[in-house]
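First up is the structure itself, then whatever we jot down about it.
Rule-based calculations on the coordinates, nothing more; no lab input. The model shown is predicted, which means the values in this text are computed figures rather than measured ones. No Cβ is skipped: glycine too gets one built from the backbone with ideal geometry, and neighbour counts run over all protein chains shown.
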Amino acid sequence: MARDAGGGWRRVVAGRRSDDAGHGRGVHVRTERRRAADACTDLGVSRAVETAGPGMQVTGRRDRARYGINTYSFTQTHRACECLEQLADLGYRRFEIMLVPGHFWPSLDGDVGQREVESLVVRNSLQILSPNQPNLDVNLSSIVPKMRDHSCAVIARAIELAASWNAKGVVINPGKSNPVFPAPKKTLTDCFRRSLEALLPVARRAGVQLIVKNHPLSYL
């Protein structure tokens with residue numbers, strides 16, 4: 001989801017056209033304008049993400065359970081489990097976990113780290129709304145086929161992770177272009193479409209949504 005100039009939100013939805021012949025041309029990306037009040041309902045979040053800082057009023061425990069917390073600000077200081085445990089003690093119950101090495105990265109944390117999060121979620125009655133894959137090393141719109149294949153494999157693992165955590169979706173970055181001499185937008189869009197063509201069946205089998213976000217370093 002992305003905020004537009006009018007203060008509303010655009011939800012980016014990846015899907016397949018009915019005339020798809022299996023070559024990726026049927027995959028399309030559209031945006032839907034959303035009211036600000038509805039921005040978080042797609043992930044089941046009843047209010048916007050809360051950020052607390054010095055001098056800010058702290059809400060009560062009952063109110064905090066209604067917020068969905070993105071863990072980005074913890075990625076350089078806490079492992080995901082430490083972050084969830086700390087925030088759960090403060091009364092928060094819904095989370096979007098950033099997939100960042102040192103915080104949580106599937107191939108580094110492995111099955112043990114995954115089960116550690118699962119156990120914490122059950123023990124504290126938490127909900128993982130979505131893993132978020134922000135890493136710019138992963139490039140779904142790369143013009144190099146092998147790089148797209150590698151990026152799709154990383155996202156496919158995030159989809160499996162989301163399913164194991166009973167998350168509703170995985171937030172993905174559409175990729176980036178060469179800032180010095182970028183490929184045409186049509187070429188990048190076609191490359192991204194091919195990646196979606198590979199990922200959509202994986203997401204469908206897992207019962208997980210693909211949520212495409214905009215990014216300041218992305219072409220989209």
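Go over the candidates Pro174, Pro182 one by one and state the one that is farther than 30 Å from Ser119 by Cα and surrounded by fewer than 20 Cβ atoms within 10 Å (Cβ to Cβ).
Working: Pro174 fails: surrounded by fewer than 20 Cβ atoms within 10 Å (Cβ to Cβ).
Every option except Pro182 fails the conditions.
For the stretch 121-157, give me each residue that is part of a helix (DSSP H, G or I), hydrophobic (A, V, I, L, M, F, W, C) and over 17 Å from Arg79 (Cα atoms).
In the first step, residues of the stretch 121-157 are kept if they are part of a helix (DSSP H, G or I); the result is 121-124, 145-157.
Then keep just the ones that are hydrophobic (A, V, I, L, M, F, W, C); that gives 121-122, 147, 152-156.
Val122, Met147, Cys152, Ala153, Val154, Ile155, Ala156 - these are the residues of the stretch 121-157 that are part of a helix (DSSP H, G or I), hydrophobic (A, V, I, L, M, F, W, C) and over 17 Å from Arg79 (Cα atoms).
In the stretch 131-148, what count of residues is obtained for those that are under 22 Å from Pro184 (Cβ atoms) and surrounded by fewer than 15 Cβ atoms within 10 Å (Cβ to Cβ)?
Quick first cut of the stretch 131-148, residues under 22 Å from Pro184 (Cβ atoms) only: 136, 138-148.
Okay, now just the ones that are also surrounded by fewer than 15 Cβ atoms within 10 Å (Cβ to Cβ), so 136, 144-146.
Number of matching residues: 4.
Step by step: first the residues of the stretch 155-199, then only those that are aromatic (Phe, Trp, Tyr) and out of contact with any strand residue (DSSP E or B) (no Cβ under 7 Å at 6 or more places or on another chain), then the one that is nearest to Gln127 (Cα to Cα). Which residue is that? Break it down into steps so the answer makes sense when it comes.
Of the stretch 155-199, the ones aromatic (Phe, Trp, Tyr) are 165, 181, 192.
Okay, now just the ones that are also out of contact with any strand residue (DSSP E or B) (no Cβ under 7 Å at 6 or more places or on another chain), so 181, 192.
Values: Phe181: 43, Phe192: 30 Å.
Only one residue fits best here, namely Phe192.
If you scan the stretch 155-171, which residues turn out to be surrounded by fewer than 19 Cβ atoms within 10 Å (Cβ to Cβ) and of a type in the set (A, V, I, L, M, F, W, C)? Give the steps one after another, and end with the answer.
So the first thing to find is which residues in the stretch 155-171 are surrounded by fewer than 19 Cβ atoms within 10 Å (Cβ to Cβ), and the list is 156-157, 160, 163-164, 166, 168.
Ala156, Ala163, listed by residue number.
Every residue, every condition in (1) closer than 24 Å to Gln209 by Cβ; (2) outside any strand (DSSP E or B); (3) small (Gly, Ala, Ser), yes or no:
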site: Glu82; (1), (2), (3): no, yes, no
site: Tyr92; (1), (2), (3): yes, yes, no
site: Phe95; (1), (2), (3): yes, no, no
site: Val112; (1), (2), (3): no, yes, no
site: Ser119; (1), (2), (3): no, yes, yes
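How many of the residues in the stretch 175-220 are in contact with an Asp or Glu (Cβ under 8 Å, 6 or more places away or on another chain) and assigned to a loop (DSSP other than H, G, I, E, B)?
The total comes to 0.
Scanning the stretch 195-213 for residues that are charged (D, E, K, R) and surrounded by fewer than 19 Cβ atoms within 10 Å (Cβ to Cβ), which turns out nearest to the chain's Cα centre (by Cα)? Explain how you work it out, then say what you get.
Pass one, the stretch 195-213, residues charged (D, E, K, R): 197, 204-205, 213.
Right, trim to surrounded by fewer than 19 Cβ atoms within 10 Å (Cβ to Cβ) and you get 204-205, 213.
Numbers: Arg204: 16, Arg205: 18, Lys213: 8 Å.
Ranking the qualifying residues of the stretch 195-213, first place goes to Lys213.
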